[in-house]
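Below: the structure, in structure tokens.
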Amino acid sequence: MKINSVFILLIISKIGVAQEVLPLYTGGIPNSTGYKMQEVIVQKQGNEASWLIKTSVPTITIYMPPPATFNGTAVLIFPGGGYGGLSMKAEGTDIAKEFVRNGMAAFIIKYRLPSDSIMKDKSIGPLQDAQAAIKFARENAEKFKIRRIGIIGFSAGGHLASTLGTHFRKSFIANTGNISLRPDFMILVYPVISMQDSLSEKGSRKNLLGDHPTDSVKHYFSNDEMVNTDTPPTWITHTQDDRVVDVENSIRFYQALRRSNVPAEMHLYPKGDHGFVLHLPTAEWMRPVISWMNGLH
């Protein structure tokens with residue numbers, strides 16, 4: 001999906017935090033049964049939806065900094081929610097605005113939550129939306145003046161981000177132009193990584209893979225087992241006392257990156273539990289992230 005220069009000018013606001021919501025697909029949604037659930041806003045803060053469930057129509061929300069401050073980096077944001085909901089404010093709009101303040105573009109992805117009622121194969125539905133999002137960014141890179149495209153994901157959104165970053169060779173969407181689906185870098189925040197019995201966050205696995213996934217499916221979606229030398233440079237953060245997603249998920253992914261000689265940086269905090277970024281000022285915990293991004297070549 002391409003957009004024109006007039007559209008770009010229209011979405012750049014005077015204060016630099018521009019936003020426009022676009023459908024992720026202009027044609028039919030791939031892997032769809034044809035049934036569309038009614039999206040539900042579970043929580044709101046002011047006029048802003050902070051938690052969504054039953055998303056079946058994926059969208060991309062574009063935030064652009066003022067042209068004079070834009071450094072050419074765009075980041076796709078995948079909110080978390082256990083593949084059963086989407087934390088759209090704390091792990092979406094708050095993050096986008098911080099990237100914009102640092103001269104970067106941010107695209108928030110409202111991806112389909114896996115469901116047998118709306119998807120023929122729910123295990124690949126979120127990944128299709130992630131691939132469509134990076135394809136959109138690359139197709140419009142020249143118009144947006146984007147030089148590099150990274151991704152950030154939180155919790156189950158971290159699983160989706162790491163799936164995109166380790167499964168980019170196979171396109172699960174129409175891609176006749178053979179556009180690269182590989183992110184230039186990844187940022188994973190308390191991510192779900194493994195789908196193996198001993199480590200997986202059970203709710204995320206059940207929502208994505210069902211009650212009884214086969215060994216081959218568990219292996220395929222255990223992203224620490226999919227790392228190779230082409231995996232993008234990665235920044236990871238987690239807390240050691242996370243009671244929802246075991247920190248071992250991040251440790252194993254980091255070890256896999258290290259074995260494959262992929263540039264990686266990991267920040268582990270002793271306390272904070274799951275979702276620790278929700279309780280910290282966004283600029284505070286993102287400061288080392290921005291520094292790492294600026295140091296990439």
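Odds and ends about this structure:
- Checking each residue in region 31-59 for being in contact (Cβ under 8 Å) with a residue 60 or more places away in the chain and touching a helix residue (DSSP H, G or I) at 6+ places or on another chain (Cβ under 6 Å) picks out Asn31, Pro58.
- Some residue of region 248-270 being in contact (Cβ under 8 Å) with a residue 40 or more places away in the chain, surrounded by fewer than 21 Cβ atoms within 10 Å (Cβ to Cβ), over 19 Å from the mean Cα position of the chain (by Cα) and closer than 16 Å to Met186 by Cβ: yes
Yes/no matrix, rows are residues, columns are (1) in contact with a Lys or Arg (Cβ under 6 Å, 6 or more places away or on another chain); (2) modelled with pLDDT under 95; (3) in a loop (DSSP other than H, G, I, E, B):
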residue	(1), (2), (3)
Ala18	no, yes, yes
Thr26	no, yes, yes
Gln43	no, yes, no
Gly82	no, no, yes
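- Residue in region 70-79 that is more than 17 Å from the chain's Cα centre (by Cα), modelled with pLDDT of 95 or more and aromatic (Phe, Trp, Tyr) present: yes
- Search result, residues across region 131-162 that are of a type in the set (A, V, I, L, M, F, W, C), within 25 Å of Thr239 (Cβ to Cβ) and in a helix (DSSP H, G or I): Ala156, Leu160, Ala161
- Considering Gly165, Gly153, the condition of being more than 19 Å from Ile62 (Cα to Cα), touching a residue at least 40 places away in the same chain (Cβ under 8 Å), buried (at least 17 other Cβ atoms within 10 Å of the Cβ) and within 12 Å of the chain's Cα centre (by Cα) is satisfied by Gly165 alone.
- Restricting attention to region 195-234 and to residues that are closer than 18 Å to Asp116 by Cα, aliphatic (A, V, I, L, M) and in contact with a Phe, Trp or Tyr (Cβ under 7 Å, 6 or more places away or on another chain), the residue that is surrounded by the fewest Cβ atoms within 10 Å (Cβ to Cβ) turns out to be Leu209.
- Of all the numbered requirements in (1) over 15 Å from the mean Cα position of the chain (by Cα); (2) part of a loop (DSSP other than H, G, I, E, B), Leu113 misses one, and that requirement is (1).
- The test for being assigned to a loop (DSSP other than H, G, I, E, B), at pLDDT below 90 and buried (at least 16 other Cβ atoms within 10 Å of the Cβ) does not hold for Ala49.
- Sole residue being in contact (Cβ under 8 Å) with a residue 60 or more places away in the chain and hydroxyl-bearing (Ser, Thr, Tyr), chosen from Thr229, Thr176, Thr239, Thr234: Thr234
The values are calculated or read from the model by the stated rules, or taken from the named source; none is laboratory data. Remember, predicted model here, so these are calculated numbers, not experimental data. Here the Cβ is made from the backbone with ideal geometry for all residues, glycine too, and neighbour counts use every protein chain on show.
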